[in-house]
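So the structure is just underneath, and the comments pick up after that.
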């Protein structure tokens, strides 16, 4: 499954969250680091849902870049 991840500059670091997995968040000092930590967070989040007998949400969120002049 491919989940959309939103990465934001938080000033002193970067944060990331997954809209389709509420509560799945991560931080990192750089964009590369936060990509690594959110990947691990997604794996742990999905594993936890499965262990608890809950369904794993299908990815439904999409994104697009809109150019503004």
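This table checks each residue for (1) at pLDDT below 95; (2) loosely packed, with under 12 Cβ neighbours inside 10 Å.
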position: 1; (1), (2): yes, yes
position: 18; (1), (2): no, no
position: 24; (1), (2): no, no
position: 32; (1), (2): no, yes
position: 39; (1), (2): no, no
position: 42; (1), (2): no, no
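Whether any residue in the range 50-68 is without any contact (Cβ under 8 Å) to a residue 60 or more places away in the chain and part of a helix (DSSP H, G or I) is what I want to check.
We begin by selecting, within the range 50-68, every residue without any contact (Cβ under 8 Å) to a residue 60 or more places away in the chain; these are 50-68.
Add one more test, that the residue is part of a helix (DSSP H, G or I), and what stays is 50-51.
Yes.
Evaluate the range 5-15: report whether one residue or more is touching a residue at least 40 places away in the same chain (Cβ under 8 Å), touching a helix residue (DSSP H, G or I) at 6+ places or on another chain (Cβ under 9 Å) and either outside any loop (DSSP other than H, G, I, E, B) or surrounded by 13 or more Cβ atoms within 10 Å (Cβ to Cβ) (or both).
Among the residues of the range 5-15, not one is touching a residue at least 40 places away in the same chain (Cβ under 8 Å), touching a helix residue (DSSP H, G or I) at 6+ places or on another chain (Cβ under 9 Å) and either outside any loop (DSSP other than H, G, I, E, B) or surrounded by 13 or more Cβ atoms within 10 Å (Cβ to Cβ) (or both), which makes the answer no.
Return the total of residues in the range 1-30 being under 22 Å from residue 59 (Cα atoms) and in contact with a strand residue (DSSP E or B) (Cβ under 6 Å, 6 or more places away or on another chain).
If we filter the range 1-30 for residues that are under 22 Å from residue 59 (Cα atoms), which is where we start, we get 1-8, 15-27.
Narrowing further to those that are in contact with a strand residue (DSSP E or B) (Cβ under 6 Å, 6 or more places away or on another chain): 5-8, 15-17, 25-27.
Total satisfying the criteria: 10.
Between a first residue in the range 28-48 that is assigned to a helix (DSSP H, G or I) and a second residue that is exposed (fewer than 15 other Cβ atoms within 10 Å of the Cβ), which pairs have beta carbons less than 6 Å apart while being 6 or more apart in sequence or on different chains?
Hits for this filter: 46/56.
The values are calculated or read from the model by the stated rules, or taken from the named source; none is laboratory data. On a predicted model such as this, the values are computed, not experimentally measured, just so you know. Methodologically, a virtual Cβ is constructed for each residue, glycine included, from the backbone with ideal geometry; neighbour enumeration extends over all protein chains shown.
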